[in-house]
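Values quoted throughout were computed directly from the atomic coordinates according to the rules given, and no laboratory measurement underlies them. Note that the structure is predicted; figures quoted are calculated from it, not measured.
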Amino acid sequence: MTALSRRLLVSKLMNFLAGSAAVIVILPLILIFGFLLLQGGTALNLEFFTHMPKPVGEPGGGMANAIVGTLILIALSCCVGLPIGWFNPSR
C-alpha cells in the first residue's frame, strides 16, 4: 500500500466518522423539534401572538407582552447603536 493510497483511505474513513458523528448529534435535535411541532403546533394561532398572558392555571393566554417588549428593546438598541455606527469619527 503506497503512502498516497493510505492517506486517501484514512481521509475517507475520517470523513465518514465525522459525518456519522454529525448525524448522531443532529438526529435527536430533529426528533425533539418534530415532537414539539406535533404537540404544540395546534396552539399556534393569531390569538396566541396578540393576546395578553393569563395567570398560571388558566387555559389560553398569549405572548403580546413578550413581543412588544422585544420590539421596544430592538428600537432602543437601534437608537443607541445606529448613530454610533453612522457617525463614528474613527473611520
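Eigen-decomposition of the gyration tensor built on the alpha-carbon atoms of the range 28-91 gives equivalent ellipsoid semi-axes of 36, 19, 8 angstrom, largest listed first.
Mean projection of the alpha-carbon convex hull of the range 1-43 over all orientations, in nm²? Each step should come with its number before you reach the end.
On the way: hull surface 12.7 nm².
If you wrap the Cα atoms of the range 1-43 in a convex hull and average its projections, you get 3.2 nm².
Give me the angle, in degrees from 0 to 90, between the Cα long axis of helix 3-40 and the longest principal axis of the Cα atoms of the chain, rounded to the nearest 10. The angle comes out at about 20 degrees. The C-alpha atoms of the chain define a longest principal axis, and helix 64-86 lies at about 70 degrees to it.
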